[in-house]
Amino acid sequence: MVFGFFGKKKQQEVEEEEEIEPVSFLGPTNGQDINLKAHAKLVDAGLVAAKDLVTDALAERADGLKVEPKGPVYQVTVYVDGIPQSGGKLSKAEGLAVTQVLKLVSGLDPKERKTVQSGGIKAEFETKKYILTVTSSPVPDGERLMMRINDQAIKLETLTELGMGEEMRQKLRDLSSAPGVVLAAGPPGSGTTTTMYGVMRNVDAYIYTVYTMIDSGGRKLHHVAPYDDAVQGEDLEASLTRLARREANIILIEPMKSAAVAKGAFSKADLLTLISEMPAKDVASAVHQLVQLVGDPALVATHLRAIVTQKLFRRLCKDCKLAYRPKVDFLKKLGLDESVKTLYRVPPPPEDPKDDEPCEKCNAVGYRGRVAMFEFLEMTPGMRDIVTAGADPVAIRTQMKKEKQTTLQQDGLRLVAEGVTSLEELQRVFKQA
Ligand SMILES: [Zn+2]
């Protein structure tokens with residue numbers, strides 16, 4: 001009985017794992033035809049291992065997978081609802097083959113290892129369709145591969161799907177219907193682009209004439225026309241002038257990363273609603289950065305309508321979340337309304353592990369899927385004075401509090417009160433920052 005020490009449960013797991021049909025790769029997202037025969041050696045060396053890796057990740061409901069060289073081996077990291085966990089190690093030869101094969105099937109050049117490349121794979125697993133977005137980037141030890149797994153059945157596209165409250169959504173819609181600048185801001189990887197597209201989907205594209213000046217990367221936007229007839233050498237201001245002549249109302253423009261873009265946008269913000277995104281620590285820093293880029297605080301104060309930022313966190317699993325009754329004192333301390341009678345948390349582990357019947361929906365994690373909390377800065381007369389005076393981030397924060405504008409923390413507590421997530425999860429997310 002060499003394998004006796006695995007116990008009954010392990011045996012069962014081994015048997016169950018054998019039944020899993022591996023993932024099918026249906027082709028790269030760019031529609032390119034991949035000639036696997038021309039890369040037979042590479043395919044032989046890495047395709048089975050690559051499929052195993054992706055299959056395991058999908059079976060665990062992962063939303064990300066990272067393969068990277070770490071000293072003499074390759075480390076695999078699997079992300080479930082954004083939380084990293086070890087996915088084991090691969091030998092150097094295996095890691096290299098897996099990386100190159102995944103690049104190949106994503107439509108990337110496996111031989112090019114010195115520059116960052118991005119592509120994607122259409123995939124199917126257990127009758128569900130997935131888009132796997134793959135980015136390879138050079139690191140000191142070789143090359144790192146990051147895969148984002150997008151379950152096509154889970155929609156996190158509209159602001160409602162993202163978890164935004166009705167009141168905030170309506171306000172954003174109103175603010176987007178008059179000329180001015182509306183921005184999504186946040187640290188890289190925090191979901192800013194998703195929020196920006198959420199803001200775009202939130203505008204009334206039946207009433208207004210809406211254009212996009214950027215490639216939506218496969219995202220569907222209804223009743224939004226691409227602006228694709230720019231004259232060579234035309235700058236943003238000139239493009240916006242042309243669009244204004246066509247009676248455009250709302251335009252999605254490139255991220256506000258440079259003075260040229262920011263100045264171009266604000267020069268036409270008296271005529272058009274401009275929606276964009278900006279990398280920034282938080283909303284207050286975003287306003288400050290904007291003033292620096294535009295170089296004219298009064299112009300920013302006049303035309304900036306709103307900046308929204310988001311933080312993603314995990315949803316409690318609907319099938320196993322546990323209700324409890326919070327004490328009134330505790331609610332008060334948190335700033336929650338006394339009318340909240342029930343909060344929810346992850347169920348505690350069973351006292352005897354043998355009695356354990358883990359929740360199948362969340363693999364006994366207690367969380368399943370993600371949701372965002374939002375912070376919303378609105379340009380009010382009071383805020384306008386602070387921005388005109390130079391947009392000091394501390395003064396902006398103070399003003400937001402004074403005017404009771406929604407902060408991340410407040411919005412997070414709203415979702416706790418609604419039973420969408422737990423206080424523990426909220427604490428975890430804020431500790432990270
Ligand atoms: Zn569950």
Amide H of GLY87 versus every other amide H placed in the peptide plane: which residues, excluding those fewer than 5 positions away on the same chain, fall under 5 Å? VAL76, THR77, VAL78
Mind listing which GluC sites (Glu not before Pro) in the range 313-406 are in a DSSP loop and have 15 or fewer other Cβ atoms within 10 Å? GLU338, GLU351, GLU360, GLU403
Per residue, accessible area of the range 159-432 with a 1.4 Å probe, heavy atoms of protein chains only, in Å², comes to 50 Å²
Skipping prolines and chain starts, which residues have an amide H placed within reach, meaning under 5 Å, of the one on VAL23, given they are 5 or more residues away or on another chain? THR55
For the range 328-334, in residue order, the Karplus 3J(HN,Hα) values (coefficients 6.51, -1.76, 1.60; θ = phi - 60°; whole Hz; Gly and Pro = x) are 4, 4, 5, 4, 4, 4, 7
Taking the Cα centre of the chain as origin, sum charge times position over the Cβ atoms of Lys and Arg (+1) and Asp and Glu (-1), and report the length of that vector in debye to the nearest 20. 760 debye
Amide H proximity to THR209 below 5 Å, modelled H, separation 5+ or other chain, gives ASN249, ILE250
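Efficiency by 1/(1 + (r/R0)^6): what FRET value for GLU112 and LYS257, r their Cβ-Cβ distance, R0 = 35 Å, to the nearest 0.05?
Numbers: r = 25 Å, r/R0 = 0.73.
Efficiency computed from Cβ-Cβ geometry: 0.85.
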Which percent, nearest 5, of DSSP beta bridges in the chain are antiparallel? 70 percent
Ranking PHE25, VAL98, VAL116 by how far each Cα lies towards the positive end of the charge dipole of the range 20-151 (+1 on Lys and Arg Cβ, -1 on Asp and Glu Cβ), the top one is VAL116
Grab every C-alpha pair in the range 197-294, bin the distances at 5 angstrom width from 0 up to the longest one, and report whole percents. 2, 13, 24, 24, 20, 13, 5, 0
Looking only at the range 57-88, which residues have a backbone nitrogen under 19 Å from a spot 7 Å from the Cα of ASP141 in the C-beta direction? 65-79, 84-88
Pop out the carbon and sulfur fraction of the accessible area of the chain as a percent, whole number, probe 1.4 Å. 52 percent
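Note down, for the range 304-401, the three equivalent ellipsoid semi-axes (square root of 5 times each alpha carbon gyration tensor eigenvalue), biggest first, whole angstrom.
Each semi-axis is √(5λ); the values are 41, 18, 10 Å.
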Computed label-point distance, nm, for sites ALA225 and TYR206 using a 7 Å Cα→Cβ extension: 2.0 nm
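Where in the range 73-129 are there trypsin sites (Lys or Arg not before Pro) that are in a DSSP coil and have at most 12 other Cβ atoms within 10 angstrom of their Cβ?
Working: sites: LYS89, LYS92, LYS103, LYS111, ARG113, LYS114, LYS122, LYS128, LYS129; in loops: LYS111, ARG113, LYS114.
Counting only loop positions with at most 12 other Cβ atoms within 10 Å, the trypsin sites (Lys or Arg not before Pro) in the range 73-129 are LYS111, LYS114.
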Average the reciprocal distances over every distinct pair of alpha-carbons in the range 177-222, invert the result, and give the Kirkwood radius in Å. 11.9 Å
Could you state the number of Å between the C-alpha centres of the range 402-433 and the range 257-319? 22 Å
Which lysines, if any, have their Cα less than 27 Å from the Cα of LYS402, not counting same-chain residues under 8 positions apart? LYS171, LYS281, LYS311, LYS332, LYS333, LYS431
Honestly the range 125-260 on the Cα gyration tensor test (a ≥ b ≥ c root eigenvalues; a/c under 1.5 rounded, otherwise a/b vs b/c for prolate or oblate) is just oblate
FRET E, pair TYR324, LYS155, Förster distance 30 Å, beta-carbon r, rounded to 0.05: 0.45
Heavy atoms of ARG305 accessible to a 1.4 Å probe, total area in Å² rounded to 10: 50 Å²
Explain nothing, just compute: Karplus ³J(HN,Hα) = 6.51 cos²θ - 1.76 cosθ + 1.60, θ = phi - 60°, for every residue of the range 173-187 in order, whole Hz, x for Gly and Pro. 5, 4, 5, 7, 9, 10, x, x, 10, 10, 10, 9, 9, x, x
Cα extents of the range 20-151 along the three principal axes, largest first (Å): 37, 34, 24
Mind checking which of ARG370, ARG397, ARG242 has the largest fluctuation in a GNM of the chain, springs on alpha carbons under 10 Å? ARG242
Grab the beta carbon distance between GLN85 and LYS37, set R0 = 30 Å, and tell me the FRET efficiency rounded to 0.05. 0.25
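Let a ≥ b ≥ c be the square roots of the eigenvalues of the Cα gyration tensor of the chain; is it rounded (a/c under 1.5), or, if not, prolate (a/b larger than b/c) or oblate?
Details: a/c = 2.25, a/b = 1.30, b/c = 1.74.
Here the chain falls in the oblate category.
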For ASP270, project a label point 7 Å along Cα to C-beta. Then give me every residue of the range 164-183 with its amide nitrogen under 17 Å of that point. 178-181
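The values are calculated or read from the model by the stated rules, or taken from the named source; none is laboratory data. Nothing here was measured: the structure is a model prediction, and the numbers come from that model. In this analysis, Cβ positions are derived from the backbone assuming ideal geometry, glycine residues included, and neighbour counts consider all displayed protein chains. For accessibility, only protein heavy atoms count, side chains too; no ligands or nucleic acids. Shrake-Rupley method; radii C 1.70, N 1.55, O 1.52, S 1.80 Å.
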